[in-house]
Each structure stands twice: as structure tokens, then as C-alpha cells.
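This report concerns only the one structure given below.
The values are calculated or read from the model by the stated rules, or taken from the named source; none is laboratory data. Only a predicted model underlies this, so the values are computations on that prediction, with no experimental measurement involved. Glycine gets a Cβ as well: all are built from the backbone with ideal geometry, and neighbour counts include every protein chain shown. We work out accessible area using only protein heavy atoms, side chains counted, and drop any ligands, DNA or RNA first. Shrake-Rupley method; radii C 1.70, N 1.55, O 1.52, S 1.80 Å.
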Amino acid sequence: MNPDASTIAAGAPIEVDLSPIAEGQDIKVFWRGKPIYISHRTKKQIDEARSVNVASLPDPQTDEARVKSGHEQWLVVIGICTHLGCIPIAHEGSYDGFFCPCHGSVYDTSGRIRQGPAPTNLAVPPYQFVSDTKIQIG
Ligand code: FES
């Protein structure tokens, strides 16, 4: 069953096939009118996200709490800067995560705020894996 566009806009869950997303690449999809970034992280990006001292972060949260166990290579975040709502750019900024050009917020490879005025990490939307290569958001 494929919901029509108006149903999707109203908030129906969406399914996303992850298989075309190469390691190191990101895609952007829309759910409830919001941009959602899906990043296929490299081992280096995962290691960077996990090597940080969590207590030193502005919004302390482990990488493990932000991804699904067994699917650590996939980061799924709402692409709306938590400062004033601009859309950050993926693979930009000093932490190889996301950079918001509006006022300079820098997020890491886990979508956690590291520098700049944004007060909190990029939000993780509700989602689940329905197979090894497919997620349902919402
Ligand atoms: S809206 Fe992103 S830094 Fe201000």
C-alpha cells in the first residue's frame, strides 16, 4: 500500500531503502515536511563519534544512544538546526558531521552539537529497521 502525497504530508510513516547509499554518503528525505538526513557512516566516523568524552559535550549523549544497536553505520537525524531552524549541510564543519551556515553551529558524525550557538543535538526521529536495508520513519 502506497499512501498518496497528502497522506504522507499529514504524517504517515515512510519507508526508505538504504541499499543505494554508499558508505560515506548521505541522503535527505522528507517526513512530515521535515528534512531527514540518513548517513551511511564509515568506521572512522563511528570511531570518532565514540571516542569523545561525552561529559564534555554541550548536550551530553552517547553515540550508542543515537543509533540502533547492530546498525551503527546508520545515523538518522532531523536536518533542522536546533538554534533557529536552518538546514545544516552534511559533511561540512570541523567534525565531519553537519555545519549550519546561518550562525556557525557545528555538529559531529553523531549529529551532536560541538560548536556554535545551537543548544542541543540534532533530533533523532522515531524510526525502526524493517529489514537490514530498509527503515521506516514515523
Ligand atoms: S540556525 Fe543554525 S546556527 Fe543558527
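Summed over the stretch 90-100, the residues that are acidic (Asp, Glu) and either part of a strand (DSSP E or B) or near the ligand (Cβ under 9 Å from one of its atoms) (or both) give a count of 1. If I filter the stretch 77-89 for residues that are touching a residue at least 60 places away in the same chain (Cβ under 8 Å) and either open to solvent by 40 Å² or more (accessible area, probe 1.4 Å) or within 16 Å of the ligand (Cβ to nearest atom) (or both), do I get at least one hit? Taking every residue of the stretch 77-89 in turn, none turns out to be touching a residue at least 60 places away in the same chain (Cβ under 8 Å) and either open to solvent by 40 Å² or more (accessible area, probe 1.4 Å) or within 16 Å of the ligand (Cβ to nearest atom) (or both). Considering only the stretch 54-87, state which residues are farther than 19 Å from PHE30 by Cα and not in a loop (DSSP other than H, G, I, E, B). Hits for the stretch 54-87 are VAL54, ALA55, SER56, GLU64, ALA65, ARG66.
Listed by first and then second residue, the pairs linking a residue in the stretch 110-124 that is more than 16 Å from ALA65 (Cβ to Cβ) and free of Cβ contacts under 8 Å to residues at least 24 places away in the same chain to a residue that is hydroxyl-bearing (Ser, Thr, Tyr) and surrounded by fewer than 22 Cβ atoms within 10 Å (Cβ to Cβ), with Cβ atoms under 9 Å apart and 6 or more places separating them unless they lie on different chains, are GLN115/SER94; GLN115/TYR95.
Residues checked against (1) without any contact (Cβ under 8 Å) to a residue 12 or more places away in the chain; (2) open to solvent by 40 Å² or more (accessible area, probe 1.4 Å); (3) in contact with a Lys or Arg (Cβ under 9 Å, 6 or more places away or on another chain); (4) of a type in the set (S, T, N, Q):
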| site | (1), (2), (3), (4) |
| --- | --- |
| PRO13 | no, yes, no, no |
| GLY24 | no, no, yes, no |
| VAL29 | no, no, no, no |
| GLY33 | no, yes, no, no |
| ARG41 | no, no, no, no |
| ILE46 | no, no, no, no |
| SER51 | yes, yes, no, yes |
| ALA65 | yes, yes, no, no |
| TRP74 | no, no, yes, no |
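Looking only at residues in the stretch 101-136 that are under 16 Å from ASP26 (Cα atoms) and in a strand (DSSP E or B), the one that is farthest from the chain's Cα centre (by Cα) is LYS134.
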